[in-house]
Amino acid sequence: MADENLHQLLERLHVRLADTRSAPAEDRALIQDVLADLTRLVERAPREGDAAQAHGLGERIVRLEASHPDLVAIVRQIVEALARAGV
């Protein structure tokens, strides 16, 4: 289900993640988990259970919002694009 825009957004997220080297280890781990989940959702066809995964993803995004607003903005763009695609 991957499209060019989603891949570009994931690439932007990878670049921003590299800029968070000074972030606490817990934040970096959470960011990497979010990135891994988003990558899985982008790279495969929609399937049952995606809604539950997206809900858990949303909770983790909220935890990062105050400390990493730039990353969260990119994540939200990806989530919105996935929602438009029916994921």
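The values are calculated or read from the model by the stated rules, or taken from the named source; none is laboratory data. Bear in mind the structure is a predicted one, so any value in this text is a computation, not a measurement. Every residue, glycine among them, receives a Cβ derived from its backbone with ideal geometry; neighbour counts consider all protein chains shown.
Against the condition at pLDDT below 85, exposed (fewer than 14 other Cβ atoms within 10 Å of the Cβ) and at negative phi, how does ARG28 come out, does it pass? No.
Residues considered: GLY58, GLY49. Of these, the only one that is surrounded by 12 or more Cβ atoms within 10 Å (Cβ to Cβ), modelled with pLDDT under 80 and not basic (Lys, Arg) is GLY58. Inclusion of SER22 among residues that are at pLDDT 80 or above, part of a loop (DSSP other than H, G, I, E, B) and surrounded by fewer than 16 Cβ atoms within 10 Å (Cβ to Cβ) is not warranted.
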